[in-house]
Amino acid sequence: MIDIKNYENLAKTYKTPLYIYDFDKIKNNYLDLKEAFKARKSLICYAVKANSNLNILKLLADLGSGFDCVSFNEVKKALISGASRYKIIFSGVGKTDDEIENALKEDILMLNIESFEELLNVEKIAKSLNLKARISVRVNPNINPKTHPYISTGLKENKFGVSINEARKIYIYAKKSDFLESIGIHFHIGSQLSDVTPILESATLVSSLMRELKALEIDIKFFDIGGGIGIKYDDEKTINLYEYAQGVLKALDGQDCTIVCEPGRSIVANAGEMLVKVLYKKENDGKNFLIVDGAMNDLLRPSLYNAFHNIVSLKNSQDLVNFDIVGPICESGDFLGKDRYLPNLDKGDLLVVKDAGAYGFSMSSNYNSRLKPAEVALINSEVKLIRKRQSFEDLIKDERV
């Protein structure tokens, strides 16, 4: 993203660990996906959970993006960023009564329903407010997404969505209700997908259900295909966006609706990096470690999923050593990368953890009472601080003794 000297300057100015985002890359990623669906009515709803920094949300809102939210706080962040309320979808299996009430009062586009019990609760709350709740139903097509089991969401053993038969019952019930309006249908089978086939198989199944619903005079206006498009962290193949869009259009088979897509990772992941500094080198009976100041509380994906992130040294050397790159957290699972061949680095040297824009800061924590890092943006080649580094006073300000 930037040259060595600038990395060094960033480390001096903002300290490490540090998240760095390229806003031009985020913009281009969004526009590439929007372009893929240009032949049809479409709505790109960025998945806020991937990275919810308000500056990123504002960048996307200014481009016309919608937002997929899984808490009402995410809905509020989308609204603060300037998003149109009619481009906001509220998803998630565990919406509280307060969240549902607030979402209905904000008159957002729709709520994704995840169970019959939730539908009844939404209806009850809508009735108490004398409002009609616009809904979509999340259908679980029971198709293997061929991804990590922790980020698989489209199989019957996953907690998300309802079966096609259950979805049919929900829509029929909602049609008879004075306080429910079915306007969407939704599926999302998993994250970091590298094969378009299971997505299109799911689209075909759900499209068939939508056609059946329209025959019952249930007019579905939004066909939500979820997100999950993977990126290249290591040697993964990636989905061709044109083929993806054309496959969805084919699955719809001429049905008139707005296609909704919910990308997160594919918009921000490869636009972000985490800069860390070497604290110590350590050797245990032939095993070499680089202990850095970034840890699992800053970037959880390697510890949680054994996920791969390319880690790059700013030093050029042909003399490489096999290192595990680990953090200061008091857990054996605290690592950023294992068996990486890097120059024989010294205390103070910098490393860049690539493709860290998604599920990096948004999954960070204060474990071990560590402070959350700063975030900076590269905007037209200028560096802007978009989140200050957390202070100890920030850490304890809500505690009462």
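The values are calculated or read from the model by the stated rules, or taken from the named source; none is laboratory data. Everything numeric here is computed off the predicted structure, so don't read it as measured data. A quick note on method: Cβ atoms are made from the backbone with ideal geometry, for glycine too, and the neighbour counts reach across all protein chains shown. Accessible surface is based on the protein model in full, side chains and every heavy atom, while ligands, DNA and RNA are left aside. Shrake-Rupley method; radii C 1.70, N 1.55, O 1.52, S 1.80 Å.
A compact table of results
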quantity: Integer Hz, Karplus 6.51/-1.76/1.60 couplings in order for segment 72-86, x for Gly and Pro; calculated: 5, 5, 5, 4, 4, 5, 4, 5, 4, 6, x, 5, 6, 4, 7
quantity: Between helix 197-215 and the chain: long-axis angle, C-alpha atoms, 0 to 90°, nearest 10; calculated: 20 degrees
quantity: Charge dipole of the chain about the Cα centre (unit charges at C-beta), most positive-ward option of 185, 81, 373; calculated: 81
quantity: Accessible-area order (highest first, 1.4 angstrom probe) of the listed residues 392, 323, 308; calculated: 392, 308, 323
quantity: Nitroxide proxy distance, nm - points 7 Å out along Cα→Cβ at residue 395 and residue 63; calculated: 3.6 nm
quantity: Cα centroid separation, segment 244-296 to segment 11-43 (Å); calculated: 12 Å
quantity: Alpha carbon centroid spacing (whole Å) that separates segment 331-355 from segment 174-235; calculated: 40 Å
quantity: Solvent-accessible area per residue for the chain (1.4 angstrom probe, square angstrom); calculated: 45 Å²
quantity: Residue 219 versus residue 5: modelled label distance in nm, points set 7 Å from Cα along the beta carbon direction; calculated: 6.3 nm
quantity: Long-range HN-HN contacts of residue 43 with modeled amide H, under 5 Å; calculated: 259, 260, 261
quantity: Rough spin-label spacing in nm, given labels placed 7 Å along Cα→Cβ, for residue 237 and residue 116; calculated: 4.1 nm
quantity: By average C-beta atoms within 10 angstrom, highest first, the peptides 63-73, 371-381; calculated: 63-73, 371-381
quantity: Between 0 and 90°, nearest 10: helix 23-36 axis offset from the chain longest Cα axis; calculated: 30 degrees
quantity: Two-decimal Rg to Rh for segment 39-263 - Kirkwood Rh, Cα set; calculated: 0.94
quantity: Per residue Cα convex hull volume in Å³ - calculated over the chain; calculated: 153 Å³
quantity: In sequence order, calculated HN-Hα J values of segment 334-346 (Karplus, 6.51, -1.76, 1.60; Hz; x Gly/Pro); calculated: 7, 8, 9, x, 10, 6, 9, 8, 9, x, 6, 6, 10
quantity: In sequence order, calculated HN-Hα J values of segment 386-401 (Karplus, 6.51, -1.76, 1.60; Hz; x Gly/Pro); calculated: 10, 7, 6, 5, 5, 9, 4, 5, 4, 4, 9, 5, 9, 8, 10, 10
quantity: Amide proton proximity set for residue 112, modelled H, under 5 Å, gap of 5+; calculated: 90, 91, 136
quantity: Apportionment of accessible area to carbon and sulfur, the chain, percent (1.4 Å); calculated: 48 percent
quantity: Chain lengthening between residue 306 and residue 131 when straightened (0.36 nm per residue, less Cα-Cα); calculated: 58.4 nm
quantity: Helix axis angle, 241-252 relative to the chain longest principal axis, alpha carbon, degrees; calculated: 20 degrees
quantity: Segment 39-263 - charge dipole about Cα centre, Lys and Arg +1 at Cβ, Asp and Glu -1, debye rounded to 20; calculated: 320 debye
quantity: Order by protection proxy (mean Cβ within 10 Å, highest first), peptides 281-289, 180-188, 254-262; calculated: 180-188, 254-262, 281-289
quantity: Mean Cβ neighbour count within 10 Å, used as a protection proxy, ranking 99-107, 220-228, 383-391 highest first; calculated: 220-228, 99-107, 383-391
quantity: Theoretical FRET efficiency, 1/(1+(r/R0)^6), r = Cβ-Cβ of residue 288 and residue 163, R0 41 Å, to 0.05; calculated: 0.20
quantity: Residue-averaged [θ]222 nm for the chain, counting only DSSP H segments that reach four residues, each worth -39500 (n - 2.57); calculated: -9000 deg cm²/dmol
